[in-house]
1. Can you tell me which residues in segment 64-77 are in contact (Cβ under 8 Å) with a residue 24 or more places away in the chain and more than 15 Å from the chain's Cα centre (by Cα)?
2. Restricting segment 6-59 to residues that are part of a helix (DSSP H, G or I) and among the hydroxyl-bearing types (Ser, Thr, Tyr), which is modelled with the highest pLDDT?
3. What's the number of the condition residue 98 fails, among (1) farther than 23 Å from residue 212 by Cα; (2) under 15 Å from the mean Cα position of the chain (by Cα); (3) crowded, with 20+ Cβ neighbours inside 10 Å?
4. Give segment 47-62 a look and list any residue that's more than 16 Å from the chain's Cα centre (by Cα) and either loosely packed, with under 13 Cβ neighbours inside 10 Å or farther than 21 Å from residue 117 by Cβ (or both), or say none.
5. Does segment 164-184 contain any residue that is more than 17 Å from the chain's Cα centre (by Cα), surrounded by 15 or more Cβ atoms within 10 Å (Cβ to Cβ) and not in a loop (DSSP other than H, G, I, E, B)?
6. Inspect segment 123-140 for any residue being assigned to a loop (DSSP other than H, G, I, E, B), touching a residue at least 12 places away in the same chain (Cβ under 8 Å) and loosely packed, with under 15 Cβ neighbours inside 10 Å and give the result as yes or no.
7. Tally up the residues in segment 78-121 that are in contact (Cβ under 8 Å) with a residue 24 or more places away in the chain and assigned to a loop (DSSP other than H, G, I, E, B), please.
8. Of the residues that make up segment 142-156, is at least one outside any helix (DSSP H, G or I), in contact (Cβ under 8 Å) with a residue 40 or more places away in the chain and out of contact with any Gly (no Cβ under 8 Å at 6 or more places or on another chain)?
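The values are calculated or read from the model by the stated rules, or taken from the named source; none is laboratory data. As the structure is a prediction and not an experimental result, all values here were calculated from the model. Reconstructed Cβ throughout: ideal geometry from the backbone, glycine too, with neighbour counts over all protein chains shown.
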Amino acid sequence: MSHDRDSHPRRWYGRYGGPVFLGVLVLALVTAPFVDEVEGGEVLEPVGLTVMLVAAVGAVGDRRRPVVVAGLLAVPVVVGRWAHHARPDRVPAAIYLAAAVVFAGYVVAHHVRFVMRTRRVDVNALCAGVTGYLMLGLLWTFAYLLVGAAVPGSFAVGPDRRELAGTEAAYLSYMTLSTVGYGDIVPASRPARTLAVLEATTGLFYVTVLIARLVALFSAETARGDPPRPG
């Protein structure tokens, strides 16, 4: 049997991991605002985070090394989140939030690398592009929560200055990433403002580079006369 990379059978997580992770991520973002309103919502949040991290590990590719690295980076996030849930007085949120920032950064970097190195526009490339963008918002969500926990008063939520809740941090992150920003949550400390500027800038560059890359790939396929390929 040939061991050529293109002919070698892909593992299940390399073949289906991207679309599955995108579905899990979208589901998590849509349902997150309602978790706190249901009975047992305080348990559903760490459960949802664990499921999302497992799906993310399965989406980093069809080779063993990046999957192992992602798995190792996910372990302190999962352990720290559940430890904080069980003993918030002894395990501060900053521990798992810092680990979550590192993990999300690795996943984003992997998806961007995949889009930059792929040679055709297919379902995997599109999923990687969208997932990378959504993970950017999640990365900054963790970063905002980390800054809010480390520097009290970093955010003005309405007329108050208090620590951000998880859904509020996600709301602020994606509004900043898309440069919409309604102004109902305002970064008040220097670290928080720096993060907001970096996120808005990163979001603009990401979309610009992603569109340029996909257009270039599609144009190259058209010029070569390549037939359409299924995802």
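1. 66, 67, 69
2. First, the residues of segment 6-59 that are part of a helix (DSSP H, G or I): 12-35, 41-57.
Checking the rest, the ones that are also among the hydroxyl-bearing types (Ser, Thr, Tyr) come to 13, 16, 31, 50.
Details: 13: 43, 16: 67, 31: 86, 50: 91.
Only one residue tops the list, namely 50.
3. Unmet for residue 98, out of (1) farther than 23 Å from residue 212 by Cα; (2) under 15 Å from the mean Cα position of the chain (by Cα); (3) crowded, with 20+ Cβ neighbours inside 10 Å: (3).
4. 47
5. no
6. Within segment 123-140, not a single residue is assigned to a loop (DSSP other than H, G, I, E, B), touching a residue at least 12 places away in the same chain (Cβ under 8 Å) and loosely packed, with under 15 Cβ neighbours inside 10 Å.
7. Selection size over segment 78-121: 5.
8. Yes, the conditions are met somewhere in segment 142-156.
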